[in-house]
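Encoded as structure tokens, the structure appears first; notes follow it.
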Amino acid sequence: MKEKAKKGFEFFEESLREGVRYAQGKKAKVKVESLRVKLTGEDIKAARQVLKVSQPQFARLMAVSSETVKKWEQGKNPIPAAVGYWAEGLKTHPTVTKNLLFEMAGKYSTGQ
């Protein structure tokens, strides 16, 4: 991996880890901003396909109802920025994003 790409990847991974800490209510170096990318229902469906999860499973990962995921995919509900960042991460860095998302979900399910 080229040095510049490696640094970009490391920055992306650390940013996601900081986001996880922030979501867990821990002290984190984060800057909250709005999503600059407009996502569609197809993007959410593609994110689910990368994760190999159903709508109900994706809903649990995103802490929403399966009906909400269905409405996102149908274009009936707007997609929150936080969900959009995960979906974008799954497009650009699927392995690290998938690992961090499942790591975060595991910590929440076990109460850690």
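The values are calculated or read from the model by the stated rules, or taken from the named source; none is laboratory data. All values derive from a computational prediction rather than experimental measurement. Glycine gets a Cβ as well: all are built from the backbone with ideal geometry, and neighbour counts include every protein chain shown.
List of remarks:
- Gln112 satisfies every condition listed in (1) at pLDDT below 85; (2) buried (at least 17 other Cβ atoms within 10 Å of the Cβ); (3) assigned to a loop (DSSP other than H, G, I, E, B) except (2).
Conditions tested, residue by residue: (1) over 24 Å from Phe11 (Cα atoms); (2) in contact (Cβ under 8 Å) with a residue 60 or more places away in the chain.
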position: Val50; (1), (2): no, no
position: Ser54; (1), (2): yes, no
position: Gln57; (1), (2): yes, no
position: Leu61; (1), (2): no, no
position: Gln74; (1), (2): yes, no
position: Ala81; (1), (2): no, no
position: Tyr85; (1), (2): no, yes
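Results for (1) within 18 Å of Ser54 (Cα to Cα); (2) in contact with a Phe, Trp or Tyr (Cβ under 7 Å, 6 or more places away or on another chain); (3) not acidic (Asp, Glu), shown as yes or no for each residue.
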{"residue": "Val69", "(1), (2), (3)": "yes, yes, yes"}
{"residue": "Ile79", "(1), (2), (3)": "yes, yes, yes"}
{"residue": "Val83", "(1), (2), (3)": "yes, no, yes"}
{"residue": "Ala87", "(1), (2), (3)": "yes, no, yes"}
{"residue": "Lys91", "(1), (2), (3)": "yes, no, yes"}
{"residue": "Thr95", "(1), (2), (3)": "no, no, yes"}
{"residue": "Ala105", "(1), (2), (3)": "yes, no, yes"}
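- Identity of the residue in segment 18-37, within 16 Å of Thr92 (Cβ to Cβ) and not small (Gly, Ala, Ser), that ends up modelled with the highest pLDDT: Val37
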